[in-house]
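Student: Please see the structure below; I have some questions.
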Amino acid sequence: MKKNIFVCLSLAALAMGTVSCGDDFLTVEPSTKLGLDGYYVTQARIDEAVTAAYDPMHWYDYFSGWCPLFLVSDAQGDDIYVGGGNEQDQAEIHLASQYKLTSLMNFKGAWTTSYSGINRSNLVIVDAEKADLPEDVKKHYIAESKVTRAFYYNQLWKFWGNVPYYDVNLTFLYIAEQKPADEIYRLVTADLKEVLDSKALPMKETAVRSGHATWAFAAMLYADFVMYQKDEAAYPQALAYMKEIINSGQYKLMNEFGAIWEQENEWCDESIFEINYYAKGGIRDWGDANKPGGTVVPAMIGVDGLSGSPDYVGGWGFCDVSKEVYDIYEETDQRRDGGILCMEKYIADCATRGIVVKYGGRYQNTGLFLRKYIGRIGGNDGATKSGDLNWDNNQRIFVMLKRY
């Protein structure tokens, strides 16, 4: 105790002694400084800002809550059960499925992620407007950033409804008016329509630039807003945009529905927009979800206790597909077994080849799993950090699915 008191008194004396050194002593200056003013003035540097604006899209699968947004959405309907170990395993998703989320128990990471993306998108718009660039290039950057901003507002609008809205970043005191959901809808769809009518974005990007916003992505976002809003007055416009995508000839259906979800078919002819994830060199790790790399989704929804499979890697047993959904498809419909893995059929098929496959069966197990995103063998090869968090499997946001 005496030793502790002595240390505390010594530190206090030291602290008081530093006052005489002046304020400069308390100011930490970096050895090198690079101010933002005048930095984002070239196309190469604005490209850096654009990359940063897309980065938060990666966080939706894991960031601050282990709540992939597609899983939260589907759990609130009849398509899937949450699964996992029990109702306390990712309790936020279980509460969402029961419409019992609270102000303290929710997937708040998605809120932070969305506003991070909005902030960065707004910065790109400001930088592009100031930069000395050809007018068409400037318009492209502004249009692209309005689309990414609309994507982030789309998540907020769907999950929270009335949210703070701003299209110019806030300054001190950092307060924005919370707008009604209907007003958010009006503002964002007007933004998207302006982008679409300007034709500033290409219908489809080159393979090298896959992952950047396109005209087709903006059109799909517009239709997404309109359908969720049930805005019948806007249905003809949304339909016209959809027809323009189809008639462009730049997108077409794959011969096999199940092939869309394989790694080699990321950004296939049918894909309109995907969030890119990369296992190779991935450094996402426990507590560092916003680091670059792969996705955690295949681990979360993987078949629990899986052994002997020549195709898939096991996982934590979330996202059990309901039997009613599986049964509603006709046997000849590619979407059934192309998107859903029926373990009973899979085990029987493997047995005909002399392969013994087993699995467990966690909470809410139906024996039906979301085949689209289950981890394939080798799908996390090359990850520098945790393999569970760095799967090489893009999330498909919009694909063409006109199949009968």
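Student: Being modelled with pLDDT under 95, acidic (Asp, Glu) and either more than 22 Å from His58 (Cα to Cα) or touching a helix residue (DSSP H, G or I) at 6+ places or on another chain (Cβ under 7 Å) (or both), is that true of even one residue in the stretch 168-185?
Tutor: Yes, that holds for at least one residue.
Student: Restrict the check to the stretch 314-327 and report whether at least one residue is polar (S, T, N, Q), at pLDDT 95 or above, more than 23 Å from Lys385 (Cα to Cα) and open to solvent by less than 30 Å² (accessible area, probe 1.4 Å).
Tutor: The initial filter retains those residues of the stretch 314-327 that are polar (S, T, N, Q), namely 322.
Filter once more, keeping what is at pLDDT 95 or above: 322.
Cutting the leftovers down to more than 23 Å from Lys385 (Cα to Cα) gives us 322.
Still in the running and open to solvent by less than 30 Å² (accessible area, probe 1.4 Å): 322.
Within the stretch 314-327, one or more residues are polar (S, T, N, Q), at pLDDT 95 or above, more than 23 Å from Lys385 (Cα to Cα) and open to solvent by less than 30 Å² (accessible area, probe 1.4 Å).
Student: Being under 30 Å from Ile301 (Cα atoms), open to solvent by 60 Å² or more (accessible area, probe 1.4 Å), modelled with pLDDT of 55 or more and part of a helix (DSSP H, G or I), is that true of even one residue in the stretch 67-78?
Tutor: No.
Student: Tell me yes or no: at least one residue of the stretch 185-202 is of a type in the set (Gly, Ala, Ser) and either in contact (Cβ under 8 Å) with a residue 24 or more places away in the chain or on the phi > 0 side of the Ramachandran plot (or both).
Tutor: Checking the stretch 185-202: at least one residue is of a type in the set (Gly, Ala, Ser) and either in contact (Cβ under 8 Å) with a residue 24 or more places away in the chain or on the phi > 0 side of the Ramachandran plot (or both).
Student: Then there's this: Let me confirm something: among Asn390, Asn380, Asn394, which residue is closer than 16 Å to Asn276 by Cα, open to solvent by 30 Å² or more (accessible area, probe 1.4 Å), touching a residue at least 40 places away in the same chain (Cβ under 8 Å) and out of contact with any Cys (no Cβ under 7 Å at 6 or more places or on another chain)?
Tutor: Asn380
Student: With the checklist (1) of a type in the set (Asp, Glu); (2) at pLDDT below 95; (3) under 27 Å from Thr113 (Cβ atoms) in hand, flag the one item Glu331 doesn't pass.
Tutor: In the conditions (1) of a type in the set (Asp, Glu); (2) at pLDDT below 95; (3) under 27 Å from Thr113 (Cβ atoms), Glu331 misses (3) alone.
Student: Let me ask you something else. For the structure I just gave you, tell me whether Lys345 is in contact with a Leu (Cβ under 8 Å, 6 or more places away or on another chain), more than 24 Å from Pro68 (Cα to Cα) and open to solvent by 60 Å² or more (accessible area, probe 1.4 Å).
Tutor: No; evaluated as a whole, the condition is false for this residue.
Student: Checking Leu341 against (1) in a strand (DSSP E or B); (2) in contact with an Asp or Glu (Cβ under 7 Å, 6 or more places away or on another chain); (3) not hydroxyl-bearing (Ser, Thr, Tyr), only one condition comes out false. Which one?
Tutor: In the conditions (1) in a strand (DSSP E or B); (2) in contact with an Asp or Glu (Cβ under 7 Å, 6 or more places away or on another chain); (3) not hydroxyl-bearing (Ser, Thr, Tyr), Leu341 misses (2) alone.
Student: Would you confirm, using the coordinates I've provided, whether Leu104 is modelled with pLDDT of 95 or more and more than 19 Å from Leu196 (Cα to Cα)? Step through it out loud before you land on a result.
Tutor: Values: modelled with pLDDT of 95 or more: no; more than 19 Å from Leu196 (Cα to Cα): yes.
Here the answer is no, as Leu104 does not meet what is asked.
Student: Can you tell me how many residues within the stretch 208-237 are closer than 12 Å to Phe273 by Cα and either open to solvent by 60 Å² or more (accessible area, probe 1.4 Å) or in contact with a Cys (Cβ under 6 Å, 6 or more places away or on another chain) (or both)?
Tutor: 1
Student: Kindly evaluate Arg336 against the criterion of being open to solvent by less than 40 Å² (accessible area, probe 1.4 Å), among the basic types (Lys, Arg) and farther than 21 Å from Leu69 by Cα.
Tutor: So Arg336 fits the description; yes.
Student: Test of understanding: among Gly282, Gly249, which residue is touching a residue at least 24 places away in the same chain (Cβ under 8 Å) and not basic (Lys, Arg)?
Tutor: Gly282
Student: When you look at Ala190, is it at pLDDT 95 or above, among the aliphatic types (A, V, I, L, M) and closer than 19 Å to Ala143 by Cβ, yes or no?
Tutor: Yes: the conditions hold for Ala190.
Student: Let me ask something else about it. For the structure I just gave you, tell me whether Tyr363 is farther than 18 Å from Gly258 by Cβ, open to solvent by 60 Å² or more (accessible area, probe 1.4 Å) and aromatic (Phe, Trp, Tyr).
Tutor: Yes; evaluated as a whole, the condition is true for this residue.
The values are calculated or read from the model by the stated rules, or taken from the named source; none is laboratory data. Please read these numbers as outputs of a predicted model, since none were measured by experiment. Positions of Cβ are backbone-derived with ideal geometry, glycine not excepted, and every protein chain shown enters the neighbour counts. All accessible areas refer to the heavy atoms of the entire protein, side chains included, with ligands and DNA or RNA removed. Shrake-Rupley method; radii C 1.70, N 1.55, O 1.52, S 1.80 Å.
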